[in-house]
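As structure tokens, the structure follows; a few thoughts come after it.
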């Protein structure tokens, strides 16, 4: 029997906390596996967490672990060269570049720095032929402009998609996949639910973005990969599809996106 894949999570030590209490990676992955999740992609957000993501792929677990390397838009004002060097050194479990993109909601880094770092990482994904993992919040117009000017890599995904149906259509037309997190279960996410209904099943992924954005009924608690089943089953009901159909499709889509082993 195949299991669920979590297409985007953060399992580095600094993220494994619940009410400021450390949680072990062993326990987190054990709960994931017991809950029907056997494949996760751990996401880098700067040079330190990217190196840690690669290290985690060697962790002994029944869950398959893969990693990405990237500079988050929040940190775009920082030096990107260590991230580029890390990616270019390569790693057997390195499957993507990012998360990278634009965040105009918080603007922890100036917009010009965000655009510069995003363009650099789009080019890096092209150079290394790796999937591009995109973060977008309140910035779709500039995001689309940059993707058009730089060229969308052959494999790309907008993670934790929170846009409108029109935004979703634009992403699909540009060639990116769309990944859905626990936000889809939130009370005020009706436009997102409308968008999820429009995404072709072969372009859809599910994720936790743990430890953030735990789905209802776990909202307010630390998120973890085990809860991707909640997201997947909610998406299936929303779309009028069986959870098995959504599980099989999203697993295959994530394998294609990141060039993971089949099965």
On the Cα set of segment 22-100, report Rg and Dmax in Å, please.
13.3, 40
Tell me, what is the percent relative contact order of the chain, built from C-alpha pairs under 8 Å that lie six or more residues apart?
19 percent
Computed lengthening from residue 243 to residue 129, 0.36 nm per intervening residue step minus Cα-Cα distance
37.9 nm
Under the 7 Å Cα-to-Cβ spin-label approximation, residue 55 and residue 13 lie apart by a distance in nanometres of 0.6 nm
For the chain, percent of DSSP beta bridges that are antiparallel (nearest 5) comes out at 5 percent
Which value in deg cm²/dmol, rounded to the nearest 500, describes the helix-derived mean residue ellipticity at 222 nm for the chain, given -39,500 (n - 2.57) per DSSP H run of n ≥ 4 and division by the residue count?
-12500 deg cm²/dmol
Return 137, 247 ranked ascending by Cβ neighbour count within 10 Å, so the fewest neighbours appear first.
137, 247
Grab the alpha carbons of segment 12-258, take their convex hull, and tell me the volume per residue in Å³.
116 Å³
Over all Cα pairs of segment 211-253, the Kirkwood radius sets Rh, and Rg/Rh then becomes 1.02
In whole angstrom, how far apart do the alpha carbon centroids of segment 227-263 and segment 84-134 sit?
25 Å
Order these by the 10 Å Cβ neighbour count, fewest first: 34, 99, 233, 107.
34, 107, 233, 99
Going fewest to most other Cβ atoms within 10 Å around each Cβ, 14, 150 line up as 14, 150
Whole angstrom only: what separates the Cα centroid of segment 27-67 from the Cα centroid of segment 173-204?
24 Å
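No value in this document is a laboratory result; all are computed from the given coordinates. Note that the structure is predicted; figures quoted are calculated from it, not measured. All Cβ positions, glycine included, derive from the backbone under ideal geometry; neighbour counts span all protein chains shown.
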